[in-house]
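S.K.: I am attaching a structure below and will ask some questions about it afterwards.
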Amino acid sequence: MSDWKVDPDTRRRLLQLQKIGANKKCIDCGAPNPQWATPKFGAFICLECAGIHRGLGVHISFVRSITMDQFKPEELLRMEKGGNEPLTEWFKSHNIDLSLPQKVKYDNPVAEDYKEKLTCLCEDRVFEEREHLDFDASKLSATSQTPASATPGVAQSREGTPLENRRSATPANSSNGANFQKEKNEAYFAELGKKNQSRPDHLPPSQGGKYQGFGSTPAKPPQERSAGSSNTLSLENFQADPLGTLSRGWGLFSSAVTKSFEDVNETVIKPHVQQWQSGELSEETKRAAAQFGQKFQETSSYGFQAFSNFTKNFNGNAEDSSTAGNTTHTEYQKIDNNDKKNEQDEDKWDDF
Amino acid sequence: MGNIFSSMFDKLWGSNKELRILILGLDGAGKTTILYRLQIGEVVTTKPTIGFNVETLSYKNLKLNVWDLGGQTSIRPYWRCYYADTAAVIFVVDSTDKDRMSTASKELHLMLQEEELQDAALLVFANKQDQPGALSASEVSKELNLVELKDRSWSIVASSAIKGEGITEGLDWLVDVIKEEQL
């Protein structure tokens with residue numbers, strides 16, 4: 001707990017340093033009275049620029065608040081030995097344009113050398129400047145990529161919309177806006193999720209792999225649960241004996257249908273649609289699909305308008321699916337989406 | 001159709017309870033970026049959070065009040081002012097910040113000892129996966145000693161708030177757990 005405290009001596013020392021010469025202004029934008037620092041460069045920066053420095057990654061610049069963070073002794077030493085003036089001089093003498101965006105200005109061999117120089121200064125070692133034959137500071141531009149930054153896409157995507165702009169642009173209180181926003185968000189996240197599904201498991205995300213997780217509870221509890229609590233309606237059963245499994249009861253089915261629909265779609269419907277398309281039309285499959293729909297309609301006598309719509313769709317499609325496999329497939333997807341929205345409601349029906 | 005039904009059922013069963021979710025983590029881990037990624041689906045340019053940001057968002061028929069608290073060393077003690085009635089904690093870790101993994105671990109376990117958070121689910125985002133050299137979710141999990149957690153639903157998900165990746169996967173898990181355990 002004690003490490004939440006900021007040592008008052010350190011803070012006093014930093015505030016003193018910040019009042020000396022060029023330290024009085026943010027090294028990047030010149031804003032007065034900077035309260036933040038990047039100890040790696042031994043420089044003082046303002047709050048706005050601190051935000052930008054944090055986005056560069058901790059291997060380039062690591063941001064501390066001079067009033068709210070505890071500096072390590074070596075970090076304080078870097079601030080003492082460094083300062084805004086020596087860094088500015090270093091950039092100038094190496095032809096680095098001071099008005100360059102931070103992403104370019106601090107992520108290049110010259111900036112890297114300065115950190116090494118400052119380390120040497122702090123550790124009383126002699127700094128030997130290296131040659132960078134393949135590096136030409138004058139070619140750095142606001143949009144250029146430095147050799148040190150590996151992936152071009154990342155640099156640009158780390159820039160974002162300023163928070164203030166979007167605040168005024170989003171009507172937070174209008175319910176219309178909120179609903180629209182909600183739908184937009186859900187569509188957006190669904191899309192992202194889909195994209196992620198198609199990525200390979202074995203690569204780290206930075207190389208195009210899948211974003212994955214794990215924990216104490218399975219990452220996909222709904223499917224697992226439906227398989228565990230309703231043994232009669234597992235996907236294996238469903239595939240082996242679709243009618244038998246379905247006729248075991250509406251209650252079970254309705255609770256599991258939304259949860260396993262995606263899988264059913266993947267494992268049962270899709271292959272069948274493909275079969276229909278490929279012309280190897282099995283009479284039994286067709287019959288099963290038609291009855292599947294029928295069963296659906298019978299049980300919808302629970303009286304929910306929504307569901308009879310649903311089954312009409314379903315039945316209609318099942319019947320003409322032999323001629324139009326393609327449309328059936330898209331129709332199923334639509335139903336699937338609808339069902340997702342109703343997922344919560346479906347759960348309630350169980351209690352009914 | 002979905003909207004009509006959900007509002008009908010919400011009236012009948014009152015499932016529109018507001019849930020409090022905290023986003024915590026060391027400074028610069030990406031808490032604010034994740035909050036606004038969730039709320040507006042965009043990347044915002046953030047500044048270090050002094051105090052907190054709070055936004056309400058609806059996700060899968062739940063109304064979430066998401067609090068993003070500043071992570072600077074000396075304002076971390078104030079996290080506990082927000083612990084009461086918290087359904088879940090989202091703990092964000094900068095997966096590239098290897099030097100401060102132990103600090104993150106210490107803060108995490110200290111926080112989880114708090115009485116008021118005993119029933120809260122824990123979602124950890126191993127964030128900044130877009131950066132080369134980021135530790136994987138399992139490496140971060142090891143650094144944070146997550147397997148030591150007992151009697152708590154937890155999950156760790158690799159994410160990139162900047163690219164919007166992994167966030168959905170994590171939130172889906174969290175919402176399912178909350179529905180199962182707390183509603």
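The values are calculated or read from the model by the stated rules, or taken from the named source; none is laboratory data. Owing to the predicted nature of the structure, the values given are computational and were not obtained by experimental measurement. Don't worry about glycine lacking a Cβ; one is built from the backbone with ideal geometry, like all the others, and counts go over all protein chains shown.
Yes or no, residue by residue, for (1) outside any loop (DSSP other than H, G, I, E, B); (2) at pLDDT 95 or above; (3) closer than 23 Å to residue B:95 by Cβ; (4) among the charged types (D, E, K, R):
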{"site": "B:4", "(1), (2), (3), (4)": "yes, no, no, no"}
{"site": "B:10", "(1), (2), (3), (4)": "yes, no, no, yes"}
{"site": "B:16", "(1), (2), (3), (4)": "no, no, no, no"}
{"site": "B:29", "(1), (2), (3), (4)": "no, yes, yes, no"}
{"site": "B:35", "(1), (2), (3), (4)": "yes, yes, yes, no"}
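Table: residues versus (1) more than 7 Å from chain A (Cβ to nearest Cβ); (2) within 30 Å of residue A:5 (Cβ to Cβ); (3) of a type in the set (A, V, I, L, M).
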{"position": "B:127", "(1), (2), (3)": "yes, yes, no"}
{"position": "B:130", "(1), (2), (3)": "no, no, no"}
{"position": "B:141", "(1), (2), (3)": "yes, yes, no"}
{"position": "B:145", "(1), (2), (3)": "yes, yes, no"}
{"position": "B:171", "(1), (2), (3)": "yes, no, yes"}
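S.K.: What number of residues within region B:158-169 are touching a residue at least 60 places away in the same chain (Cβ under 8 Å) and either within 7 Å of chain A (Cβ to nearest Cβ) or not hydrophobic (A, V, I, L, M, F, W, C) (or both)? Even if it seems obvious, please write down each step before you answer.
M.R.: First, pick out the residues of region B:158-169 that are touching a residue at least 60 places away in the same chain (Cβ under 8 Å): B:158-159, B:161-162, B:164, B:167.
Checking the rest, the ones that are also either within 7 Å of chain A (Cβ to nearest Cβ) or not hydrophobic (A, V, I, L, M, F, W, C) (or both) come to B:158-159, B:162, B:164.
Residues in region B:158-169 being touching a residue at least 60 places away in the same chain (Cβ under 8 Å) and either within 7 Å of chain A (Cβ to nearest Cβ) or not hydrophobic (A, V, I, L, M, F, W, C) (or both): 4 in total.
S.K.: Is region A:57-73 home to any residue that is over 21 Å from residue B:50 (Cβ atoms) and part of a helix (DSSP H, G or I)? If you could, list the steps in order and put the result at the bottom.
M.R.: Keep residues of region A:57-73 that are over 21 Å from residue B:50 (Cβ atoms), which gives A:57, A:59-60, A:72-73.
This time we only want the ones that are part of a helix (DSSP H, G or I), so: A:73.
There is at least one residue in region A:57-73 that is over 21 Å from residue B:50 (Cβ atoms) and part of a helix (DSSP H, G or I).
S.K.: Also, quick follow-up: Give me the residue from region B:61-89 that is under 20 Å from residue A:183 (Cα atoms) and crowded, with 19+ Cβ neighbours inside 10 Å and, out of that set, nearest to the other protein chains (Cβ to nearest Cβ). Don't jump to the end; show me each part of the working.
M.R.: So in region B:61-89, the residues under 20 Å from residue A:183 (Cα atoms) come out as B:61-66.
Right, trim to crowded, with 19+ Cβ neighbours inside 10 Å and you get B:61-62, B:64, B:66.
Values: B:61: 4, B:62: 9, B:64: 12, B:66: 13 Å.
Only one residue fits best here, namely B:61.
S.K.: When you check residue A:124 against the structure, is it away from chain B (no Cβ under 14 Å), part of a loop (DSSP other than H, G, I, E, B), out of contact with any Pro (no Cβ under 9 Å at 6 or more places or on another chain) and on the phi > 0 side of the Ramachandran plot, yes or no?
M.R.: yes
S.K.: Oh, and also: Would a scan of region A:2-23 turn up a residue that is free of Cβ contacts under 8 Å to residues at least 24 places away in the same chain, among the hydroxyl-bearing types (Ser, Thr, Tyr), within 13 Å of another protein chain (Cβ to nearest Cβ) and within 26 Å of residue B:105 (Cβ to Cβ)?
M.R.: Looking for residues that are free of Cβ contacts under 8 Å to residues at least 24 places away in the same chain, among the hydroxyl-bearing types (Ser, Thr, Tyr), within 13 Å of another protein chain (Cβ to nearest Cβ) and within 26 Å of residue B:105 (Cβ to Cβ), one finds at least one in region A:2-23, hence yes.
S.K.: Still on this structure, please answer the following. Given the options A:96, A:60, name the one that is of a type in the set (Val, Ile, Thr), within 14 Å of chain B (Cβ to nearest Cβ) and under 36 Å from the mean Cα position of the chain (by Cα).
M.R.: Working: A:96 fails: within 14 Å of chain B (Cβ to nearest Cβ).
Of the residues listed, the single one that is of a type in the set (Val, Ile, Thr), within 14 Å of chain B (Cβ to nearest Cβ) and under 36 Å from the mean Cα position of the chain (by Cα) is A:60.
S.K.: Within region A:90-119, work out how many residues are surrounded by fewer than 16 Cβ atoms within 10 Å (Cβ to Cβ) and aliphatic (A, V, I, L, M).
M.R.: Residues that pass the stated criteria total 1.
S.K.: Does residue B:179 count as surrounded by fewer than 23 Cβ atoms within 10 Å (Cβ to Cβ) and without any contact (Cβ under 8 Å) to a residue 60 or more places away in the chain? Give the steps one after another, and end with the answer.
M.R.: Working: surrounded by fewer than 23 Cβ atoms within 10 Å (Cβ to Cβ): yes; without any contact (Cβ under 8 Å) to a residue 60 or more places away in the chain: no.
Here the answer is no, as residue B:179 does not meet what is asked.
S.K.: Within region B:45-68, which residues are within 30 Å of residue A:35 (Cβ to Cβ), small (Gly, Ala, Ser) and in a strand (DSSP E or B)?
M.R.: none
S.K.: Going through region B:40-54 one residue at a time, which ones are at the interface with chain A (Cβ under 8 Å from one of its Cβ atoms) and not basic (Lys, Arg)? Before the answer, list the steps.
M.R.: Our first condition is that a residue be at the interface with chain A (Cβ under 8 Å from one of its Cβ atoms); within region B:40-54, this holds for B:40-48, B:50.
If the condition is that a residue be at the interface with chain A (Cβ under 8 Å from one of its Cβ atoms) and not basic (Lys, Arg), then B:40, B:41, B:42, B:43, B:44, B:45, B:46, B:48, B:50 are the ones that fit.
S.K.: Of the numbered conditions (1) away from chain A (no Cβ under 12 Å); (2) not aliphatic (A, V, I, L, M); (3) not in a strand (DSSP E or B), residue B:102 fails exactly one; give the number of that condition.
M.R.: Every condition holds for residue B:102 apart from (1).
S.K.: Moving to a separate point now. As an exercise: evaluate residue B:155 against (1) buried (at least 24 other Cβ atoms within 10 Å of the Cβ); (2) within 8 Å of chain A (Cβ to nearest Cβ); (3) over 18 Å from residue B:119 (Cβ atoms); (4) of a type outside the set (Phe, Trp, Tyr) and give the number of the one condition it does not meet.
M.R.: (3)
S.K.: Any idea how many residues of region A:85-143 are in contact with a Lys or Arg (Cβ under 8 Å, 6 or more places away or on another chain) and among the aromatic types (Phe, Trp, Tyr)?
M.R.: The qualifying residues number 3.
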